[in-house]
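The values are calculated or read from the model by the stated rules, or taken from the named source; none is laboratory data. Quick caveat: nothing in here was measured; it's all calculated off a predicted structure. Virtual Cβ from ideal backbone geometry, glycine too; neighbours counted across all protein chains shown.
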Amino acid sequence: MFARPRKQRRSDVNERIKKIHNAIADKLLSHPELFEQAEHTLETRYQNKMMRYGSYLLWKGILEARNEPDVFKALLLADDERTANLRRETIFTGILSEEEREQLL
């Protein structure tokens with residue numbers, strides 16, 4: 001039986017999550033009213049202590065860049081480990097429909 005090393009599996013998952021977030025970014029930028037939903041999720045998670053202050057600040061910074069689409073996407077899709085981990089606990093739940101997610105994957 002062939003098993004991929006843990007590091008490779010993690011990398012594959014990160015790439016799928018990044019691909020989903022690219023589609024999320026495109027949808028948010030074409031439907032800016034959806035940012036309210038993400039902001040609500042962010043505030044709720046932070047107030048309920050489901051998120052640390054550092055993550056809260058990173059998400060706030062990403063959201064504040066929404067008026068500069070290239071900057072917003074660059075921040076959201078950055079390849080560093082911290083941003084990859086941040087995307088794993090996304091505040092953008094419900095932005096894409098299940099059908100949209102299935103088409104991506």
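Remarks
- Residue, nearest to T83 (Cα to Cα), within the stretch 18-56, restricted to residues that are surrounded by 15 or more Cβ atoms within 10 Å (Cβ to Cβ) and among the hydroxyl-bearing types (S, T, Y): S55
- Subset of the stretch 78-105 (residues that are crowded, with 17+ Cβ neighbours inside 10 Å and aliphatic (A, V, I, L, M)): A84, L86, I91, I95, L96
- Checked against (1) within 25 Å of E100 (Cα to Cα); (2) part of a helix (DSSP H, G or I), Y46 passes all but a single condition, namely (1).
- Here N14 meets each of (1) part of a helix (DSSP H, G or I); (2) at pLDDT 95 or above; (3) buried (at least 16 other Cβ atoms within 10 Å of the Cβ) with one exception, condition (2).
- Residue match in the stretch 74-81 (condition: at pLDDT below 95 and outside any loop (DSSP other than H, G, I, E, B)): yes
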